[in-house]
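Structure record follows, encoded as structure tokens.
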Amino acid sequence: MHGGDEVVAAPAGPPQPLDWKFSQVFGERTAGEEVQEVDIISAIEFDKTGDHLATGDRGGRVVLFERTDTKDHGVSRRDLERMDYLISRHPEFRYKTEFQSHEPEFDYLKSLEIEEKINKIRWCQTANSALFLLSTNDKTIKFWKVQEKKVKKISDMNLDPSKAVGNGSIASSSSSSSPKPCLANGSSLGGSYNYLSHDFSFPPGGLPSLHLPVVTSQETNLVARCRRVYGHAHDYHINSISNNSDGETFISADDLRINLWNLEISNQSFNIVDVKPANMEDLTEVITSAEFHPTHCNMLAYSSSKGSIRLIDLRQSALCDSHAKLFEEPEAPGSRSFFTEIIASISDIKFAKDGRYILSRDYMTLKLWDINMDSGPVATFQVHEYLRPKLCDLYENDSIFDKFECCLSGDGLRVATGSYSNLFRVFGCAPGSTEATTLEASKNPMRRQVQTPSRPSRPLSSITRVVRRGTETPGVDANGNSFDFTTKLLHLAWHPTENSIACAAANSLYMYYA
């Protein structure tokens, strides 16, 4: 099933759960191989067409992949369509290029090391077959252009290259094997050569066909060039960047401020949100994520550490400290504990493709919000409810502060997010859907699957049942103790038009399709 297919007739019921299959892996580790810290993937992003995928890592590198299964390879469109009936095509990617985006720096004024880790990557509009993207670390955003350049080469003369002469002087060479130069047809030239004179003496009668050296360009090489650097605008660590649908501007957000930039201007930005109190002791919440609306260039949303999402309209005022809408779920009475505020903090938000819904991820749940309904989320999905009794342990080892990302399918029917033990979860969010799939980032994604009764009609997950029945699953005990909190799947992305997911497990990039 392809997410971008046209729906002709309204389906009778909720869509069937997808059957996920392994597609490919890049950077797979061998058994026992130690992962280098700099190789761990820290950002993943598909471009709007889905033909390119970018990953960033903790070593400041950006790696680009390109889709290969859509290329014609000389086959006519009609033949491809005919083949499409016979074989089920799924996205396949290959390595395209990589470049060093950021280097480690040191802020001498604050005596602070700025690590090179890539926090976010965002694709920009393509132009003249060149790819453009934004990448950021904690402090500096960079605008990159990746383009194919022709490699210029100088074709050889049809004289002996070891006796090549430039501006009248002799070029000495120790690799001369033939005392006589040869013509293009391989026949030897007679006559004497005065190699000791400054003037190159031709044989009597001259050369029948002398090839002068010309510049030729046969090979192409991918070159990444940094077009602009947007720096010195954030006192705190940048957690988000997001392109505007107008193609001209983008936002960057840190803990307390959101800045608006023009792609063409790197030396100034406009501060549009500032939640910094006059006295820092009064600080109660920070900005955790921000994103522009996919089609309305005047609207953006940002989330906070208190579990709320604010929708703001740039037309209302220059400084958007007052929100147009506030989305938060009222706290259930009697449920408050020491961990309530920590696990309520939203780590990521994403707009659906049509801009009608916002998906948010906090530590325990995924929530889907309708921007026309601010009374509460329209659906809540429990990601790893079995961890609730272990919150004390998770607080002790700092895992409770892990920031998991989330994503929506292009058709808006499903949502996905990561968990521990390199697991990720896919939920159906169509009305009446009971889809709640647990997959592992490995070559056998369904390894952790256990047959469970269908979940309640409200879209809540069934991972509790999956894990508590873990005696049926090798490697998982009844209490979920064997879940590994060091292997966490924080970053994943859904292909914009098809049911395909790319996710990062440490330094490996896994891809799945359905």
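The values are calculated or read from the model by the stated rules, or taken from the named source; none is laboratory data. Just so we're clear, the structure is a prediction, and the values are computed from it rather than from any experiment. Please note: Cβ atoms are built from the backbone with ideal geometry, for glycine as well, and neighbour counts cover all protein chains shown. Ligands, DNA and RNA are stripped out before the accessible areas are found, and what is left, the full protein with its side chains, is counted by its heavy atoms. Shrake-Rupley method; radii C 1.70, N 1.55, O 1.52, S 1.80 Å.
Computed extension length for Asp282-Gln125: 52.4 nm, one decimal, from 0.36 nm per residue of separation with the Cα-Cα distance subtracted.
In summary, the aspartates and glutamates within cross-link reach of Lys152, defined as a Cα separation below 15 angstrom excluding same-chain residues under 8 places away, comprise Glu219. A simple rule links phi to the HN-Hα coupling: the Karplus curve 6.51 cos²θ - 1.76 cosθ + 1.60 with θ = phi - 60°, which for segment 262-268 gives 9, 4, 7, 10, 9, 9, 8 Hz, with x for Gly and Pro. Taking all protein chains as shown and a probe of 1.4 angstrom, Ser335 keeps an accessible surface of around 70 Å².
Each residue was assigned an accessible area with a 1.4 Å probe, and for Asp411 the value is about 50 Å². Using the Karplus relation 6.51 cos²θ - 1.76 cosθ + 1.60 with θ = phi - 60°, the per-residue 3J(HN,Hα) values for segment 292-308 come to 6, 5, x, 10, 8, 5, 9, 10, 8, 10, 9, 10, 10, 6, 9, x, 10 Hz, with x marking Gly and Pro. The trypsin sites (Lys or Arg not before Pro) of segment 345-432 that meet both conditions, a loop assignment by DSSP and at most 15 other Cβ atoms within 10 Å of the site Cβ, are Arg356. When you filter the chymotrypsin sites (Phe, Trp or Tyr not before Pro) in segment 91-132 for DSSP loop state and at most 15 other Cβ atoms inside 10 Å of their Cβ, you are left with Tyr108. Extending 7 Å from Cα along the Cβ direction at Phe338 and again at Asp354 yields two label points whose distance is 4.6 nm. Full extension of the chain between Asp39 and Asp313 gives 94.7 nm of extra length, using 0.36 nm per residue less the Cα-Cα distance. Taken along the Cα-to-beta-carbon direction at a fixed 7 Å, the label points for Glu148 and Glu248 span 3.2 nm. Cα centroid separation, segment 400-428 to segment 296-327: 24 Å. Between Ser508 and Ile41, the built amide H atoms are under 5 Å apart, and every one of these is 5 or more places off in sequence or on another chain. For the pair Glu331 and Tyr236, label points projected 7 Å from Cα toward Cβ lie 2.0 nm apart. Cross-link check: pairs Lys48/Lys367; Lys48/Lys403; Lys48/Lys153; Lys139/Lys390; Lys142/Lys325; Lys21/Lys325 evaluated at a Cα-Cα cut-off of 30 Å; pairs beyond the cut-off: Lys48/Lys153; Lys139/Lys390; Lys142/Lys325; Lys21/Lys325. A simple rule links phi to the HN-Hα coupling: the Karplus curve 6.51 cos²θ - 1.76 cosθ + 1.60 with θ = phi - 60°, which for segment 427-434 gives 10, x, 10, 6, x, x, 6, 10 Hz, with x for Gly and Pro. Counting only residues at least eight positions apart within a chain, or on another chain, the aspartates and glutamates with an alpha carbon under 14 Å from that of Lys306 are Asp255, Glu285, Glu328, Glu329, Glu331, Glu341, Asp348, Asp362. Sites listed here are GluC sites (Glu not before Pro) in segment 283-348 whose DSSP assignment is loop and whose Cβ has at most 13 other Cβ atoms within 10 Å: Glu331. Taking 0.36 nm per residue of sequence separation and removing the Cα-Cα distance, the Val215/Glu113 pair yields an extension gain of 32.1 nm.
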